[in-house]
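The values are calculated or read from the model by the stated rules, or taken from the named source; none is laboratory data. Only a predicted model underlies this, so the values are computations on that prediction, with no experimental measurement involved. Here the Cβ positions follow ideal geometry from the backbone for every residue, glycine too, while neighbour counts run over all protein chains shown.
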Amino acid sequence: MYPLAGICRNWVDMGSGGGLPGLVITIIARELDPELHVTMIESDMRKATFLRTVIRELGLTATVLTSRIEQTDPLNADVLSARALADLSSLLSFADRHLSPTGQALFFKGETWQKEVDEARKAWSFDLVSHTSKTNPNAAILEVREIERV
C-alpha cells in the first residue's frame, strides 16, 4: 500500500532543478495516488522550462512555479521536500512559510546533516526522525515536523 494515499493532497518540492524528487513523486502519484497535486518551485527559468516540458511530454499533472521560494505565496503543503537546496536552518525558514501546521518536511541531506541539525536547533524547535540514505550511509533523509522559531 502507498503510505501517503489519502493523507497527502498537496506536495511541494522546493528548488526542483532537474526534477528530483518532484518529477519522480509526480510519476509515482499518477499510478498510486492521482488525487495528489505536486507543485515544484524553481527560480531558474531554464530548469522550470525543462520541468514543464517533461510534465507535458509524459502527460503528467503538476504545477511549476518560476519564482524565489521566499517570494512565493504560502502553499500550505502537506509534504514539503528539498534536495541539495540550502542548509537546514534556511530550509526550516522556507518550511515555516509553506508547510501546513500538520505537515511534514522531507529534506535530503549529505554527510554534514548532524552538524546542520545541531546548528538549526539554536534558532528552531522541531521534531526530527532521520533515515539513513540508501545511496550514502553517511547521508540522511530528515523527516521534520512541528517546526517553530525559538
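Annotation note: Cβ proximity below 7 Å between a residue of the stretch 56-84 that is without any contact (Cβ under 8 Å) to a residue 60 or more places away in the chain and a residue that is among the hydroxyl-bearing types (Ser, Thr, Tyr) and surrounded by fewer than 19 Cβ atoms within 10 Å (Cβ to Cβ) (sequence gap 6+ or interchain) occurs for 65/72; 66/43; 67/43; 68/43. In the set (1) touching a residue at least 12 places away in the same chain (Cβ under 8 Å); (2) out of contact with any Gly (no Cβ under 9 Å at 6 or more places or on another chain); (3) part of a helix (DSSP H, G or I), the condition left unmet by residue 46 is number (1).
Mind checking whether some residue in the stretch 22-35 is assigned to a loop (DSSP other than H, G, I, E, B) and modelled with pLDDT of 95 or more?
Start the filter on the stretch 22-35 by keeping residues that are assigned to a loop (DSSP other than H, G, I, E, B), which leaves 33-35.
Narrowing the set further to residues that are modelled with pLDDT of 95 or more leaves none.
No, the stretch 22-35 contains no residue that is assigned to a loop (DSSP other than H, G, I, E, B) and modelled with pLDDT of 95 or more.
Look at the stretch 128-146: where a residue is under 15 Å from residue 92 (Cβ atoms) and without any contact (Cβ under 8 Å) to a residue 40 or more places away in the chain and a partner is among the hydrophobic types (A, V, I, L, M, F, W, C) and surrounded by fewer than 16 Cβ atoms within 10 Å (Cβ to Cβ), sitting 6+ places away or on another chain with Cβ atoms under 9 Å, you get 143/129. Could you check the stretch 55-72 and list, in sequence order, the residues that are surrounded by fewer than 17 Cβ atoms within 10 Å (Cβ to Cβ) and more than 13 Å from residue 14 (Cα to Cα)? If the condition is that a residue be surrounded by fewer than 17 Cβ atoms within 10 Å (Cβ to Cβ) and more than 13 Å from residue 14 (Cα to Cα), then 56, 57, 58, 59, 60, 61 are the ones that fit. Residues in the stretch 103-150 that are assigned to a loop (DSSP other than H, G, I, E, B) and surrounded by 12 or more Cβ atoms within 10 Å (Cβ to Cβ): 110, 111, 112, 121, 133, 139. All conditions in (1) closer than 19 Å to residue 22 by Cα; (2) in contact (Cβ under 8 Å) with a residue 24 or more places away in the chain hold for residue 120, with the sole exception of (1). For the stretch 22-38, a residue qualifies if it is surrounded by fewer than 21 Cβ atoms within 10 Å (Cβ to Cβ) and within 12 Å of residue 79 (Cα to Cα), and exactly one does: 37. Applying the criterion of being part of a strand (DSSP E or B) and touching a residue at least 12 places away in the same chain (Cβ under 8 Å) to the residues of the stretch 91-101, the residue that is farthest from residue 7 (Cα to Cα) is 99.
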